[in-house]
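What follows is calculated from the coordinates using simple rules that are stated; it is not laboratory data. In this text, all values refer to a predicted model and were calculated from it rather than measured experimentally. Cβ sites come from the backbone with ideal geometry, for glycine too, and all protein chains shown count toward neighbours.
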Amino acid sequence: MEHITHTPTLKAPAERFTGDVYLNMIETPAEPAHLAAALVRFTPGARTNWHSHARGQVLHVTDGVGLVGTRDGDVVRVSAGETVKCPAGEEHWHGATDTTLMAHIALVVGDGTGDGTTWLEPVTDEQYTAALASAGQAAT
């Protein structure tokens, strides 16, 4: 058994996120499971860049309201207690709405060389505004 009392809160790197995003690592990929897990907190309007995961990703929302969008234009509005599963290779993004914070636990299984994430370009303001409208959340 290993008891971890806390992990430091880190500001997420600006080259992978728009807005203020903070994370606490729960588990970093290592033998034998290669699990990466983090509590990620998004301030209103903050979001990830487009990205994909070699083995998929599970997002479990713990607080607030957010959005998860895919390249084909699908957008889901998520709130505390809900889970979204993104399949392997699917380009997607996730973040808070423009008026609320959102926190989720992000889970990915790495491949032994990292967490298997491929980071891409930022989600544009136009794409984000369209996602808000699609999810029934008017931009302010």
Practice problem: Can you pull the one-decimal nm distance between simple spin-label points at residue 126 and residue 111, each 7 Å off the Cα toward Cβ? | Solution: 3.3 nm
Self-check item: Around residue 130: net Lys/Arg minus Asp/Glu count, Cβ-Cβ under 14 Å
Solution: -2
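So what's the stretch 7-83 giving for Rg/Rh, alpha carbon basis, Kirkwood Rh from the mean inverse pair distance?
On the way: Rg = 13.1 Å, Rh = 13.8 Å.
Rounded to two decimals, Rg over Rh is 0.95.
Could the peptides 107-120, 50-63 be put in order, highest first, of the mean number of other beta-carbon atoms found within 10 Å of their residues? Working shown, then result.
Working: 107-120: 15.9, 50-63: 18.5.
Peptide ranking by packing, descending: 50-63, 107-120.
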Quiz item: Could you give P(r) for the chain, binned at 10 Å from zero, as whole percent values over all Cα-Cα pairs?
Solution: 13, 44, 34, 8, 1
Practice problem: Grab the other residues whose beta carbon is less than 9 angstrom from that of residue 109, score K and R as +1, D and E as -1, and report the net. | Solution: -1
Quiz item: Each label point is 7 Å from the Cα along the Cα-to-Cβ direction; what then is the distance between the points at residue 76 and residue 62, in nm?
Solution: 2.0 nm
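Would you kindly calculate the translational diffusion coefficient of the stretch 77-140, applying Stokes-Einstein with the Kirkwood radius from alpha carbon pairs, for 25 °C and a viscosity of 0.890 mPa s, and quote it in µm² s⁻¹ without decimals? Please report the intermediate quantities before stating the final value.
Details: Rh = 13.9 Å.
Rounded to a whole number, D works out at 177 µm²/s.
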Practice problem: Determine the sum of side-chain charges near residue 43: Lys and Arg each +1, Asp and Glu each -1, restricted to other residues whose C-beta is under 14 angstrom from that of residue 43. | Solution: 0
